Amino acid sequence: MATIGRFQRGEDIFHAKVVEGTLFRLRGDVFGSPSFDKRPTPRKGVRTLLPVVPSKIVAVGLNYADHARERGEAPPKDPLIWFKATTSLIPDGAKIELPFPGHRNDYEAELAIVMGRRCRNVTPAAASRYIFGYTAAQDITDRTLQAAEGQWARSKSFDTFTPLGPYVETKIDPHDLTIQLFQNGQLRQNGHTSEMIFDCFRIVSFVSTNITLLPGDVILTGTPSGIGRIQSGDRLEVRIQGMTPLVNSVK
Ligand code: MG
């Protein structure tokens, strides 16, 4: 496997391998040992969905030192985690809606881990065996509410606040990737995943210590520095090296 997406034509929902824009339909369990059609699936009338349907989204905060600095926070000693509602997910191309446009609402480009196997209490050394792959995400945040409330869940879980996708890369080194956010074509965030305080394997190990991760579960690994405010009409693009860009605009 390499680049895997989830698609819909009419009532038909399916996973497929994406090779230079051409789809090869997957047969069997995407997290098992699937096979792929030899002949391409016509693209006409096909919509790109979220690449997976997670039972939960775990998010990690302040995982890049430069970002912790710009937030005026000390880098955490252990991964700082919380949950985002799965109903906050939107696929590539869908619109972000701001319930409080008068608040400060921010973009946050993030690398997302997609789990491939049920796991509990795995070591960092074993973690990669439980990971299906990686994709791009945004952790859209109502900064005004985040500051006003002790909990971060609400300010980051509004409907449409977690753009994800478009595809999952299953063969990629997650710790050697540039990660960028473009706002209306302007480069705003320009980080590298090697700068994470806790790498993907340590994050999976830490979360799995007490929380069972299921196939399809998504972990957002934190945002680099350069966060900033979004406004209605903005076009936001997350570009992670080796991945198809994730593009969403703000309604
Ligand atoms: Mg974040």
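Tabulated values for the structure
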{"item": "Cα gyration tensor shape of the range 56-149, rounded if a/c is under 1.5, else prolate or oblate by comparing a/b with b/c", "result": "oblate"}
{"item": "Cα convex hull volume per residue for the chain (Å³)", "result": "122 Å³"}
{"item": "Listed peptides 59-66, 157-164 by packing density, highest first (mean Cβ within 10 Å)", "result": "157-164, 59-66"}
{"item": "Residue-span extension gain [residue 24 to residue 212] - 0.36 nm each, minus C-alpha spacing", "result": "64.5 nm"}
{"item": "Listed residues 222, 165, 116, most fluctuating in the chain (Gaussian network, C-alpha, under 10 Å)", "result": "116"}
{"item": "Net dipole in debye of the range 202-251 [+1 Lys, Arg Cβ; -1 Asp, Glu Cβ; about Cα centre; nearest 20]", "result": "140 debye"}
{"item": "Summed side-chain charge close to residue 84 - residues other than residue 84 whose Cβ falls under 13 Å, Lys, Arg +1, Asp, Glu -1", "result": "-3"}
{"item": "Residue-count net charge about residue 127 - beta-carbon cut-off 15 Å; Lys, Arg +1, Asp, Glu -1", "result": "+2"}
{"item": "Per residue convex hull volume, Cα atoms of the range 7-50, in Å³", "result": "79 Å³"}
{"item": "Cα-Cα P(r), the range 203-251, percent of pairs per 10 Å interval", "result": "18, 35, 30, 17, 0"}
{"item": "Gyration tensor verdict on the range 1-85 (Cα atoms; rounded if a/c is under 1.5, prolate if a/b is larger than b/c, oblate otherwise)", "result": "prolate"}
{"item": "Members of 44/84; 17/251; 38/84; 77/171; 38/95; 44/251 lying beyond 28 Å, as alpha-carbon distances in this model show", "result": "44/84; 17/251; 38/84; 77/171; 38/95"}
{"item": "Residue order, fewest to most beta carbons within 10 Å, for 41, 178", "result": "178, 41"}
{"item": "Relative contact order (%) - criterion: Cα under 8 Å, at least six apart; region: the chain", "result": "26 percent"}
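We did not get these values from a lab; they are worked out from the coordinates using the rules stated. None of these values were measured; they are calculated from a predicted model. Backbone-built Cβ (ideal geometry, glycine too); neighbour counts: all protein chains shown.
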